[in-house]
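Scroll down for the structure; my scribbles are underneath it.
What follows is calculated from the coordinates using simple rules that are stated; it is not laboratory data. All values derive from a computational prediction rather than experimental measurement. Neighbour counts are summed over all protein chains in view; Cβ atoms, including those assigned to glycine, are modelled from backbone coordinates with ideal geometry.
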Amino acid sequence: MSLTLSTVSKIDGRALFAATFIAAGVLFSFAWACALPLAGFAAVAALTSTRRAALLLTGAVWFANQAVGFLFLHYPTDSTTLFWGAALGVIALLSCESAGLLARRFPGVSGGLAAFLASFVVYESLILAVTAATGPGVDHFTAPVVTRIFFINLSAFAALLMLKAASAAVLNRDATKALASRPV
């Protein structure tokens with residue numbers, strides 16, 4: 001198999017996006033810790049990558065979040081915390097899959113919004129279901145709390161789509177033209 005310049009550029013573009021996507025996950029983890037907007041990350045991954053790559057990106061962001069939590073934010077290592085960490089990983093992957101199903105069915109902006117909404121609804125519904133099944137109560141699932149989480153995820157979704165567009169613009173930019181157009 002021979003690699004052409006176009007193929008190398010596509011590989012570099014995917015690697016750049018994956019690295020910046022995961023780095024954003026790390027930064028968001030420090031900012032929001034347990035409230036990492038995984039539904040937003042999952043939706044963007046589903047919209048911008050193949051199914052396999054989207055699941056890998058979502059899993060990588062979840063893993064980075066867990067690493068930040070346990071290594072730097074000192075999450076406890078009790079069974080409940082470990083259970084919830086694993087549950088959030090599975091829920092994030094299911095959110096990514098739901099976003100991908102809608103993104104493939106409805107292309108364009110409406111499909112993107114539908115993918116985000118599907119990801120968020122699946123994510124929050126499964127968290128609610130696991131919370132109810134494990135017994136600690138669902139008192140914190142109030143309209144103001146869920147609305148706040150929705151807007152955090154929506155903001156992350158928009159920011160990550162802009163990040164994707166910016167990384168694509170950087171890769172497609174001709175360096176010689178960029179330098180030639182600089183004011184003297």
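Summary of values
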quantity: Helix axis angle, 5-32 relative to the chain longest principal axis, alpha carbon, degrees; calculated: 40
quantity: Average Cα contact separation per residue, the chain, under 8 Å, 6 or more apart, as relative contact order %; calculated: 26
quantity: Of Thr142, Thr80, Leu36, farthest towards positive along the dipole that unit charges on Lys, Arg, Asp, Glu beta carbons give region 8-169; calculated: Leu36
quantity: Karplus (6.51, -1.76, 1.60) ³J(HN,Hα), θ = phi - 60°, over region 123-130, in Hz, Gly and Pro reported as x; calculated: 4, 5, 5, 6, 5, 4, 5, 5
quantity: Cα long-axis angle, helix 51-71 against the chain (0 to 90 degrees, to the nearest 10); calculated: 60
quantity: Helix axis angle, 143-172 relative to the chain longest principal axis, alpha carbon, degrees; calculated: 20
quantity: Sequence of Phe116, Phe30 once ranked by neighbouring C-beta atoms within 10 Å, starting from the fewest; calculated: Phe30, Phe116
quantity: Orientation-averaged projected area, Cα convex hull of the chain (nm²); calculated: 14.3
quantity: Dipole moment magnitude, nearest 20 debye, the chain about Cα centre, only Lys, Arg, Asp, Glu C-beta charged; calculated: 740
